[in-house]
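Novice: What follows is a structure written as structure tokens; I'll ask about it next.
The values are calculated or read from the model by the stated rules, or taken from the named source; none is laboratory data. Nothing here was measured: the structure is a model prediction, and the numbers come from that model. So basically every Cβ, Gly included, is an ideal-geometry build from the backbone, and we count neighbours across all protein chains shown. Quick note on the areas: whole protein, heavy atoms, side chains included, nothing else; ligands and nucleic acids left out. Shrake-Rupley method; radii C 1.70, N 1.55, O 1.52, S 1.80 Å.
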Amino acid sequence: MMLIALHPESCFAIDRNTSSETNPAQFDLIKNIRLLTSTSLSEMKKFYVDALGLGIESEKDKEITFIAGASTITFVKIDSSLGDPWYHFAFNIPENKLRKARVWQLERTEIIPTPKRARDPKFPNDIRHFRNWNAHSIFFWDPAGNLLEYIARHDLRNGEDGEFTSKDILNVSEIAFVVDDQHHESKGLHSNFALDVYPKNSSFWWAMGDEKGLLLCIPKRLWGENTDNPKRFKVFKTEAAISGSVDKDYTFSNFPYAVRMVTT
């Protein structure tokens, strides 16, 4: 179901004088998400590099950036006294490799159980079926408690031959922003970046973008209620860089979230 720069001193100006009508933008891809973590960067490196096989773009004392296909993920280390941030983000994978991705991931982590209502009888019970999105996925945790997802979006028709490897982690395709009013915040993304609601025929505004990349406005709901360790989504500073047709910044009205569209 995020970012650009999660430094505490970062700030982004809201462009209140432009909208999708006066300054149309076209969204292409989530280029970078930048997240806080209280988990040691060495532990994060062990997971993302040694287990998932991602490359490193840059590494500093309190910051590390991993390469996930066409996207990057930056973690900024904070002291645990400031909290234990966790987020949800997803990776697109080839639409025909979800079963193989499941086997590959089970060699590295557990997969979070799927409620019966979200299962597809044609797939193993821990695979989730997003019927309205024509997609299947699996969820798992990283060492910081981030909720990760591999999602196979069948409408992309990006199937590949062979076994699943880390090269099949194509890009960050979702970043979640925890909000109070999903519709209101989604409208803000629409007005500033011309992002469409997804899917386009939906009357419920919360997922904005398309199959290549989605900015999700989610409630402070409980996740994993069918597991032994359910977690409630909370608000943590979140920043996302997306590629598109204009250079533009946007900050959510009452949340520590920033999105920057950059031309490529």
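Novice: Over all directions, the average projected area of the alpha-carbon convex hull for region 120-264 comes to how many nm²?
Specialist: With every direction weighted equally, the projected area is 10.4 nm².
Novice: Which whole-number percent gives the relative contact order of region 40-198, counting Cα pairs below 8 Å spaced six or more residues apart?
Specialist: Relative contact order, region 40-198: 27 percent.
Novice: Let me ask you something else. What is the packing order of peptides 127-138, 108-119, taking the mean over residues of other C-beta atoms within 10 Å and listing the highest first? Show your work: numbers first, answer last.
Specialist: Numbers: 127-138: 18.9, 108-119: 14.3.
Output ranking for 127-138, 108-119: 127-138, 108-119.
Novice: Rg (Å, one decimal) plus Dmax (Å, integer) for the alpha carbons of region 33-93?
Specialist: Expressed in Å, the Cα Rg and Dmax of region 33-93 come to 11.3, 36.
Novice: Compute, for Trp104, the solvent-accessible surface of its heavy atoms (probe 1.4 Å) with the complete set of protein chains present, and express it in square angstrom to the nearest 10.
Specialist: Rounded to the nearest 10, the figure is 30 Å².
Novice: Please work out how much length the chain gains when fully extended from Lys187 to Asn226, using 0.36 nm per residue of separation minus the C-alpha to C-alpha distance, in nm with one decimal.
Specialist: 10.9 nm
Novice: Ignoring ligands, DNA and RNA, how do Tyr48, Tyr250 rank by accessible area with a 1.4 Å probe, largest first? Each step should come with its number before you reach the end.
Specialist: Details: Tyr48 0, Tyr250 20 Å².
Reading off the accessible areas and sorting them downward yields Tyr250, Tyr48.
Novice: Oh, and also: Let me have the relative contact order for region 195-264, percent, based on Cα pairs under 8 Å that are six or more residues apart.
Specialist: Working: 103 pairs, mean separation 13.2, N = 70.
Rounded, it is 19 percent for region 195-264.
Novice: Let me ask another. Over every pair of different alpha-carbon atoms in the chain, take the mean of 1/r and invert it; report that Kirkwood radius in Å.
Specialist: On the way: mean 1/r = 0.0536 Å⁻¹.
Kirkwood hydrodynamic radius for the chain: 18.6 Å.
Novice: Do any chymotrypsin sites (Phe, Trp or Tyr not before Pro) in region 159-236 lie in a DSSP loop with no more than 13 other beta carbon atoms within 10 Å, and if so, which?
Specialist: Those that pass, being in a loop and sparsely packed, are Phe204.
Novice: I've got another one for you. Where the centre of each part is set by its Cα atoms, how far does region 22-84 sit from region 92-118, in angstrom?
Specialist: Cα centres, region 22-84 to region 92-118: 22 Å.
Novice: If region 124-197 were replaced by its equivalent ellipsoid, with semi-axes equal to the square roots of 5 times the Cα gyration tensor eigenvalues, what would those be, largest first, whole Å?
Specialist: Equivalent ellipsoid of region 124-197: 26, 17, 13 Å, largest first.
Novice: What does the helix-only formula give at 222 nm for the chain: each DSSP H stretch with n ≥ 4 adding -39500 (n - 2.57), the total divided by the residues, and the result rounded to the nearest 500 deg cm²/dmol?
Specialist: The helix-only estimate for the chain comes to -2500 deg cm²/dmol at 222 nm.
Novice: Sticking with this one: What residues of region 200-224 lie in the reach of a label at Asp180, counting those whose backbone N is under 13 Å from a point 7 Å from the Cα along Cα→Cβ?
Specialist: What the label zone holds, given the 13 Å backbone N cut-off, is 220.
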